[in-house]
Amino acid sequence: MKYVVRSRGDHESNVISQKIKNYLQEFQLIESKEAPDIVISVGGDGTLLEAFHQYNHRLDEMSFVGVHTGHLGFYADWQPDEVEKLVIHIAKTPFKVVEYPLLEVIIRHYGEKKSERYLALNECSVKSTEGSIVMDIEIRGELFETFRGDGLCISTPSGSTAYNKALGGAILHPSLASIQLAEMASINNRVYRTVGSPLVLPQHHTCLLRPIKEADFQVTIDHLTLLQQDVKSIQCRVAEEKVRFARFRPFPFWKRVKESFVTG
Ligand code: NAP
Ligand code: MN
């Protein structure tokens, strides 16, 4: 089995990464940056998001596992004092994998035939570069509402505990292949009207955002921010691809939610 260790780059994460590499070499495992079977991310959830984007072209051939240094980790759920145990697991036992749904985002531009395609592990957010955004929201090809407000956030189930949660969205279990659309400060009065509640869409229910007039936006895909000009549409749906996490012990999603947000 081939592995790669990715560190956040701070001193503590670098020390732990080196320790993991040394152990894995003792077990005669092979390091491979190009084609790892397992990616060990040492840092925080942000570090795991970066690792995901580095390897998002070979998701069906590999699994991720995260060790957290410093912060509570939602994806990075192993503690630094457990790395010996983790390494022995990686070296000796065929691990189970859990698969989580991803969000597919396709951005189309005026005057361009080619579209851009992204995969998000947490979410895509759309904001204006100036003032509020005004967009028609189509669901399954039908106009649902015209949104006017600060922005929109379309998240995955595992991303529902991140930005989406801060926007009042629900926490969704990752076994639900779905995406959630949450509003950021919608303008609601006699003239403008939106549903106001977050919407959860199942697989194959495409959500299309069509800008009205203004066409420049600040779009984020997880930790990445993109300036998008002359946007014709932003299409969101549950991706065909999934992300795999290596599971060496049971750590149920609701337990992670409890330990991260309630008591832990
Ligand atoms: P960051 O500013 O360090 O991230 C914000 C916080 O979100 C960090 O504490 C991060 O954990 C945590 N986080 C990331 N994914 C999570 C998940 N799935 N569930 C629960 N918490 C999660 O930036 P970053 O580390 O590059 O992460 C990018 C993410 O920040 C975006 O995908 C977005 O979800 C989130 N964000 C949140 C807000 C908000 O809540 N108002 C605003 C913008 C962006 P670590 O400290 O372990 O990295
Ligand atoms: Mn972070």
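Round to a whole number: what % of the accessible area of segment 102-240 belongs to carbon and sulfur, probe 1.4 Å? Answer for segment 102-240: carbon and sulfur cover 48 percent of the accessible area.
Against the chain, whose longest principal axis is taken from its Cα atoms, helix 45-54 shows a tilt of about 80°.
Taking 0.36 nm per intervening residue step and subtracting the Cα-Cα distance, what contour gain separates Asn14 from Glu84 on full extension? Could the numbers behind the result be given before it?
Working: separation 70, 0.36 × 70 = 25.20 nm, distance 1.57 nm.
Answer, rounded to one decimal: 23.6 nm.
Most simply put, the chain has about 80% antiparallel DSSP beta bridges, counting only bridges with both residues inside it.
With all protein chains kept in place, the per residue accessible area of segment 124-251 amounts to 46 square angstrom at a probe of 1.4 angstrom.
Note on surface exposure: Glu130, Glu82 rank Glu130, Glu82 by accessible area, highest first, 1.4 Å probe. Taking the three principal axes of the alpha carbon atoms in the chain, the coordinate ranges are 66, 44, 33 Å, sorted in descending order. May I ask for the angle, rounded to the nearest 10°, between helix 83-92 and the longest principal axis of the chain, with both axes built from Cα atoms and the value confined to 0 to 90°? Tilt relative to the chain: about 80 degrees.
Pairs from the table (Lys114/Lys165; Lys2/Lys96; Lys96/Lys242; Lys127/Lys232; Lys21/Lys96; Lys127/Lys255) lying more than 24 angstrom apart at Cα are Lys114/Lys165; Lys127/Lys255.
The values are calculated or read from the model by the stated rules, or taken from the named source; none is laboratory data. Everything numeric in this text was worked out from a predicted model, so none of it was measured. SASA here: full protein model, heavy atoms, side chains in, ligands and nucleic acids out. Shrake-Rupley method; radii C 1.70, N 1.55, O 1.52, S 1.80 Å.
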